[in-house]
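Chemist: Sharing a structure, written as structure tokens. Questions coming.
The values are calculated or read from the model by the stated rules, or taken from the named source; none is laboratory data. Just so you know, these numbers come straight off a predicted model, no measurement behind them. Virtual Cβ from ideal backbone geometry, glycine too; neighbours counted across all protein chains shown.
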Amino acid sequence: MVAIILLALPIVFSGCKKGDEDPFLSFRSRKARLCGTWTVSNLNSEIVRKENNISTKTITTVESGSWKQVITIQSSDSTRTLSGKIVVDPGQEEGTYTFFFDKNGKARMVYKYEFDEDQSGEDDDEAVIHRTEVTEEMSGDWEFLTGIDNEYKNKERIAFIIEEEKTTTKVSEIISSDDEGGASIPRTISTNVASDRYAKGEYSVVYNIVELRNKEVKLHQDINRFHLSAQNTTSESYQENGKEDIILKQRQ
């Protein structure tokens, strides 16, 4: 009996550990460990976009509910830094940057963040703040990918097959004055909604699963995109290269 158990152990271990930081042994399948709702606790994204011979580097970080983006034009010293936070919806304790993976293969991502920019002039008596609130939503299916020779193991990668994508951007103006004793109620000055639908399999995002545990998931994405659009005698193109690392924590 002991000999049978010892012979079975290598099979169990080899089937559990896929990512570099996976647990050595887990009695739950990879699907069971991934299914559920997750909060993005950390994100580090670094993307270089080349358009019209101008390269722009964008670094985005999310950590403990804070959100920050640094945009640099690489051929100059021009840098724009935006700082904000992940939005916490009413009745929720955690911020709304979530991934949901269903056991039937359905997936959804909701990403809400906001940041303020000071628009006050040097001679203004009032402080003028523009608050930008962004909501990104994606829904579709998910599936594990099979292995590729010695490069990837079976179920080491996950594909998020996106069927619907929607981004809502709202900009509000907040004016405050010392005479008024506080800030005014935000006034919406613009709202933009962009929505797209795709045929199944037309648009997908692939993540490498670095670690898959019951309460934590680490994902890595290599980014290499090329866009080209042409109309009559005009055309637009850009290239994006970079990477993104995400840490998911099981949502309470």
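Chemist: Just give me the residues in the stretch 129-149 being β-branched (Val, Ile, Thr) and assigned to a loop (DSSP other than H, G, I, E, B), in sequence order.
Modeler: Applying the first criterion (β-branched (Val, Ile, Thr)) to the stretch 129-149 yields 129, 132, 134-135, 146, 148.
Correct list: THR146 only.
Chemist: Go through the stretch 45-55 and give me each residue that's modelled with pLDDT under 95 and of a type outside the set (D, E, K, R).
Modeler: Residues satisfying the conditions are ASN52, ASN53, ILE54, SER55.
Chemist: Among residues belonging to the stretch 37-91 that are under 23 Å from HIS227 (Cα atoms) and of a type in the set (Asp, Glu), point out the one that is farthest from the chain's Cα centre (by Cα).
Modeler: It comes out as GLU51.
Per-residue answers, yes or no, for (1) touching an Asp or Glu at 6+ places or on another chain (Cβ under 9 Å); (2) among the hydroxyl-bearing types (Ser, Thr, Tyr); (3) over 20 Å from VAL171 (Cβ atoms):
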| position | (1), (2), (3) |
| --- | --- |
| ASN42 | yes, no, yes |
| GLU63 | no, no, yes |
| GLY105 | yes, no, yes |
| GLU117 | no, no, no |
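Chemist: Kindly indicate the residue of the stretch 61-81 that is surrounded by 15 or more Cβ atoms within 10 Å (Cβ to Cβ) and out of contact with any Lys or Arg (no Cβ under 7 Å at 6 or more places or on another chain) and also farthest from ILE246 (Cα to Cα) among those meeting that condition.
Modeler: VAL70
Chemist: Here's something else I'd like to know. Filter the stretch 17-44 down to residues that are touching a Phe, Trp or Tyr at 6+ places or on another chain (Cβ under 6 Å), more than 15 Å from GLU211 (Cβ to Cβ) and either part of a strand (DSSP E or B) or modelled with pLDDT under 95 (or both), then give me how many there are.
Modeler: Result for the stretch 17-44: 1.
Chemist: Quick check on this structure: which one of ALA183, ALA194 is of a type in the set (A, V, I, L, M) and modelled with pLDDT under 95? Give the steps one after another, and end with the answer.
Modeler: Numbers: ALA194 fails: modelled with pLDDT under 95.
Testing whether each residue is of a type in the set (A, V, I, L, M) and modelled with pLDDT under 95 leaves just ALA183.
Chemist: Among the residues of the stretch 202-214, which ones are of a type outside the set (Val, Ile, Thr) and either modelled with pLDDT of 95 or more or within 20 Å of the chain's Cα centre (by Cα) (or both)?
Modeler: GLU202, TYR203, SER204, TYR207, ASN208, GLU211, LEU212, ARG213
Chemist: Are any residues in the stretch 154-176 buried (at least 17 other Cβ atoms within 10 Å of the Cβ), closer than 21 Å to LYS218 by Cα and not acidic (Asp, Glu), and if so, which ones?
Modeler: Within the stretch 154-176, LYS155, ARG157, ILE158, ALA159, PHE160, ILE161, ILE162 meet the criteria.
Chemist: For residues that are exposed (fewer than 11 other Cβ atoms within 10 Å of the Cβ) and aliphatic (A, V, I, L, M), scanning just the stretch 190-232, find the one that is farthest from THR37 (Cα to Cα).
Modeler: That would be ALA230.
Chemist: Taking LYS112, is it under 27 Å from ILE247 (Cβ atoms), loosely packed, with under 15 Cβ neighbours inside 10 Å and touching a strand residue (DSSP E or B) at 6+ places or on another chain (Cβ under 9 Å)?
Modeler: Working: under 27 Å from ILE247 (Cβ atoms): yes; loosely packed, with under 15 Cβ neighbours inside 10 Å: no; touching a strand residue (DSSP E or B) at 6+ places or on another chain (Cβ under 9 Å): yes.
Judged against the criteria, LYS112 is not a match.
Chemist: Go through the stretch 43-89 and report how many residues are closer than 16 Å to THR132 by Cα, touching a residue at least 24 places away in the same chain (Cβ under 8 Å) and of a type in the set (A, V, I, L, M).
Modeler: Number of matching residues: 3.
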